[in-house]
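Structure first, then comments.
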Amino acid sequence: MPPRWLYDDLGSALFESICQLPWYRITRSERALIEAHGADVFDALDGPLEIVELGGGNGEKLDLLLDAAARRHRDVSVRLIDISQAALDAARARLEARANPPRVHLTRGPYEASLASLAGAAGSRLMLFLGSNIGNFDPPEARALLRGLAQAAGGGGAVLLGVDLVKPDADLLLAYDDPLQVTAAFNRNLLTRMNRDLGANFPLDAFAHRAVWSRHASRVEMRLVATAASDVTIPAAGVSARFEPGDFIWTESSYKYTPGRIEALAAKVGLDIGRQWIDPAAGFALSLLLPRGR
């Protein structure tokens, strides 16, 4: 299913909670890399910049980058793109609380349409796609999205990409099936949303969260597995389905990369890795991607 449907207001709040879990290290690792190397990002870019962040949640990592921009005496404006109004409002409130708040423009909507509106516009941009959100897209979609980011960045801009790396199976599964069951609530909230927004009748207690690591595809698959037989209708979608125990809805993919695969993905859309910082303990990479030839 398109991952954006997971992020209504409750889904966004649950995901913010996931980011605080000790077993989900992406957010803490990426934050530490930005704190350590954020100023290096701005050293690689010239002139006035608009920073554009897609799906940035509460704006915490963008706030750290603005600290780095201030240390380099860079004048920047900010554009936030997200499907969740609650996330946009939280990020704007954080940024407006800064001592010298930047100019902030909010765009609510899907990534693809928002990027298309930026392509070809004047100016250079630092496009932020952090939190390993690229992992939620199948390879053809990931290439298309990264190409859109590159086009929106412009010839003098860059893409800052955060990507979770392949790591031991047990670590991956624990991150997506935590003992506190916060990820399970996040996943099952999709059924709540279909019941509310589409008039469906999913029995929430008849579906269990399960995370599966597919090594050959290099992805974690989040599933909602039927634990009992049920007949489900989704009136607004014109869908009826019979679920038997063991049947499942594949709700989300989370692809994991190697440094070599990041480089190959970037090359396919005309980008080179200008700088790359890796947290080997957490298995996470932050890459500054520049237009080829820069």
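Sort largest first and round to whole Å: the equivalent ellipsoid semi-axes of segment 121-183, each the square root of five times a Cα gyration tensor eigenvalue.
31, 12, 10
Quick check: at a probe of 1.4 Å, how many percent of the accessible area of the chain sits on carbon and sulfur atoms?
53 percent
What does the charge dipole of the chain about its Cα centre add up to, to the nearest 20 debye, if the Cβ of each Lys and Arg holds +1 and the Cβ of each Asp and Glu holds -1?
580 debye
Evaluate Rg over Rh across segment 88-138, taking Cα atoms for both radii and Kirkwood's formula for Rh.
On the Cα set of segment 88-138, Rg over Rh gives 1.00.
Tally Lys/Arg at +1 and Asp/Glu at -1 over every other residue whose Cβ is under 13 Å from the Cβ of Ser230; what's the total?
Around Ser230, the surrounding residues sum to -3.
I need the Debye-formula profile for segment 106-234: one equal scatterer per C-alpha, no solvent, reported as log10 I(q)/I(0) at q = 0.13, 0.19, 0.21, 0.23 1/Å, two decimals.
-0.76, -1.11, -1.18, -1.25
About the Cα centre of segment 209-294, how large is the charge dipole given +1 on each Lys and Arg Cβ and -1 on each Asp and Glu Cβ? Please answer in debye to the nearest 20.
In debye, rounded to 20, segment 209-294 gives about 420.
Going by a ≥ b ≥ c, the root eigenvalues of the Cα gyration tensor, does segment 145-211 fall in the rounded group (a/c under 1.5), the prolate group (a/b larger than b/c) or the oblate group?
Since a/c reaches 1.5 but b/c is at least a/b, the shape of segment 145-211 is classed as oblate.
Helix-only estimate, please: 222 nm mean residue ellipticity of the chain, summing -39500 (n - 2.57) across DSSP H runs of length 4 or more and dividing by its residues, to the nearest 500.
The helix contribution divided over the chain gives -11500 deg cm²/dmol.
Using all alpha carbons of segment 1-147, what is the percent of pairwise distances in each 5 Å bin, ordered from the shortest bin to the longest?
Bin by bin from 0 Å, the calculated values are 2, 8, 19, 22, 22, 17, 8, 2, 0.
Regarding segment 12-85, what is the average projected area of its C-alpha convex hull, in nm²?
Average of the hull's projected areas for segment 12-85 equals 5.2 nm².
Just Ala229, Ala175, Ala87 to compare: in a GNM of the chain, with alpha carbon springs under 10 Å, which one fluctuates most?
Ala229
Leaving out ligands and nucleic acids, and using a 1.4 Å probe, what accessible area per residue does the chain come to in Å²?
Ligands and nucleic acids excluded, the figure is 43 Å² per residue.
How big is segment 196-293 on each of its three principal axes, counting only the C-alpha atoms and giving the largest first in Å?
56, 30, 22
Whole Å is fine, so just give me how far the alpha carbon centre of segment 29-89 lies from that of segment 237-292.
Cα centroid to Cα centroid, the span is 21 Å.
Would you mind working out the magnitude of the charge dipole of segment 127-195 relative to its Cα centre, with +1 at each Lys and Arg C-beta and -1 at each Asp and Glu C-beta, to the nearest 20 Debye?
300 debye
If you take the Cα Rg of the chain and divide it by 2.2 N^0.38 Å, with N the number of residues, what do you get?
Relative to the 2.2 N^0.38 Å estimate, the chain comes out at 1.02.
The values are calculated or read from the model by the stated rules, or taken from the named source; none is laboratory data. Note that this is a predicted model, so its numbers are computed, not measured. Positions of Cβ are backbone-derived with ideal geometry, glycine not excepted, and every protein chain shown enters the neighbour counts. Surface accessibility is based on the protein's heavy atoms, side chains included, excluding ligands, DNA and RNA. Shrake-Rupley method; radii C 1.70, N 1.55, O 1.52, S 1.80 Å.
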